[in-house]
Amino acid sequence: MASEPLEGRVALVTGSSRGIGRAIALKLASLGAKVVVTYRRRREEALEVVKKIEEMGSEAISVQVDMGLPEQVERLAGQALEAMGRVDILVNNAGVGYAQPFHRARVDLLIREINVDLVGSIILTRALIPGMLERGWGRIINVTSTAGIQGGFFLVGYSSAKAGLIGFTKALAAEVADTGVTVNAVAPGFVATRLGLSYFYWLEEVLGIKNAREGYLRSVPPHRFVTVDEVAEVVAFLARPEASGINGEVIVVDAGAILAPGYPPEAVDVIRNRRGSGSSGASPRRT
Ligand SMILES: NC(=O)c1ccc[n+]([C@@H]2O[C@H](COP(=O)([O-])OP(=O)(O)OC[C@H]3O[C@@H](n4cnc5c(N)ncnc54)[C@H](OP(=O)(O)O)[C@@H]3O)[C@@H](O)[C@H]2O)c1
């Protein structure tokens with residue numbers, strides 16, 4: 001029987017007790033990887049992910065960590081190596097985001113976003129990359145965001161951290177380009193997880209913007225959120241041995257939401273409903 005593509009590999013997925021990280025952990029396990037599941041507070045959810053992976057016939061452990069605290073990040077790396085012997089695939093996925101208008105932003109929350117989303121990922125990668133380099137094979141996949149590419153409204157700290165992850169991805173990718181280790185980033189658009197939905201909740205409940213979620217969905221070409229599984233598929237692809245030629249890339253997974261910015265919802269509706277004036281809907285020729 002052909003072996004699974006990630007058989008014999010060990011993956012560490014930060015923030016895999018729920019949301020996107022959970023889907024990534026399960027996907028990597030389905031391809032044969034052993035998985036280190038991490039969580040910050042939700043131990044029960046993390047244990048449930050471990051159980052699911054074991055039911056799939058693979059191995060997993062769960063480790064508690066606050067990615068915003070360097071000493072805990074170092075401890076996570078040590079615990080993972082001690083329990084699994086190696087980490088071949090590192091997915092820096094754990095993240096926090098606090099929507100707030102910048103001119104009255106809480107500085108501690110800005111710092112927290114940078115520490116958890118960016119600094120924690122850099123420290124963990126620093127701790128785990130020597131083993132990958134020694135073995136001549138590794139995959140580092142950073143979960144950034146379209147907010148790190150185009151900026152997000154009221155998300156200055158979050159966008160800064162996510163843009164930083166892109167710089168980190170590219171600089172490190174160049175440094176290890178001839179080693180068998182690749183470093184890439186995946187940039188999801190909005191996903192209906194606790195983190196994604198909290199943004200719209202904040203717009204509606206705190207800023208009093210009515211139907212913010214519906215308004216967003218109406219204004220973007222795909223008229224939908226992407227799913228956790230759509231993001232996990234791309235991460236899993238990058239983790240595969242066959243993806244060895246992709247290095248330093250940022251792959252956007254948003255179904256096209258950041259395309260055509262500034263288009264009025266009505267214009268997008270024309271495409272959605274395949275409506276047009278006249279037979280073709282083409283604009284009249286100017287003479
Ligand atoms: N959802 C979106 O719309 C969206 C869009 C673009 C990018 N992203 C990125 O995708 C990643 C996953 O987001 P998500 O939507 O799946 O979020 P989520 O549902 O809120 O899950 C966050 C995960 O990270 C863990 N976590 C939170 N704070 C942590 C900390 N300080 N230290 C360690 N772990 C921590 C959580 O653990 P507990 O369960 O124990 O709290 C949980 O496992 C994030 O990097 C996010 O920025 C999300």
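I need the Kirkwood Rh of the chain: take the reciprocal of the average 1/r across all distinct C-alpha pairs and report it in angstrom.
It is 19.9 Å.
Could you identify which residue out of A46, A80, A243 has the top mean-square fluctuation in a GNM of the chain using Cα springs shorter than 10 Å?
The residue with the greatest mean-square fluctuation here is A243.
Pairing the Cα long axis of helix 19-30 with the longest principal axis of the chain, what angle in degrees results, from 0 to 90 and rounded to the nearest 10?
Between the helix axis and the principal axis of the chain, the angle is about 50 degrees.
Calculate the dipole size of segment 74-161 relative to its Cα centre from +1 charges on Lys and Arg beta carbons and -1 charges on Asp and Glu beta carbons; express the result in debye to the nearest 20.
So the magnitude is around 100 debye.
In degrees from 0 to 90, rounded to the nearest 10, what is the angle of the helix 120-135 Cα long axis to the longest principal axis of the chain?
It is inclined by approximately 50 degrees.
Between R112 and A243, what is the label-point separation in nm under the 7 Å Cα-to-beta-carbon projection?
For A243 paired with R112, the spin-label model returns 3.1 nm.
For segment 110-254, compute the orientation-averaged projected area of the C-alpha convex hull (one quarter of its surface), in nm².
With the hull built on Cα positions only, its mean projection is 9.1 nm².
Under a plain spin-label model, where a point goes 7 Å from the Cα along Cα-to-Cβ, how far apart in nm are E175 and F153?
With each label point 7 Å from Cα toward Cβ, the separation is 3.8 nm.
What is the angle, in °, between the Cα long axis of helix 43-55 and the longest principal axis of the Cα atoms in the chain? Nearest 10 is fine, range 0 to 90.
Tilt relative to the chain: about 70 degrees.
How do S198, S62 line up, fewest other C-beta atoms within 10 Å first?
Final ranking by Cβ density, sparse to dense: S198, S62.
Can you list the lysines whose alpha carbon sits under 28 Å from that of K34, skipping same-chain ones fewer than 8 residues off?
K34 reaches K51, K52, K162, K170.
Go ahead and estimate [θ] at 222 nm for the chain from helices alone: -39,500 (n - 2.57) per DSSP H run with n ≥ 4, summed, over the residue count, rounded to 500.
So the helix-based figure for the chain works out to -13500 deg cm²/dmol.
To the nearest 0.05, what FRET efficiency results for W137 and D66 with a Förster distance of 35 Å applied to their C-beta separation?
0.75
Extension gain R126-E266, at 0.36 nm per residue separation less the Cα-Cα distance, in nm?
45.6 nm
Let a ≥ b ≥ c be the square roots of the eigenvalues of the Cα gyration tensor of segment 48-116; is it rounded (a/c under 1.5), or, if not, prolate (a/b larger than b/c) or oblate?
Prolate.
Taking the convex hull of the alpha carbon atoms in segment 70-149, what volume per residue do you get, in Å³?
95 Å³
With each pseudo-label sitting 7 Å past Cα toward Cβ, what's the H103-E4 distance in nm, one decimal?
Roughly 5.3 nm, to one decimal.
All of the numbers you see were taken from the coordinates with simple rules; none came from a lab. None of the values given here were measured: they were computed from a predicted structure. We place every Cβ from the backbone using ideal geometry, glycine too, and count neighbours over all the protein chains shown.
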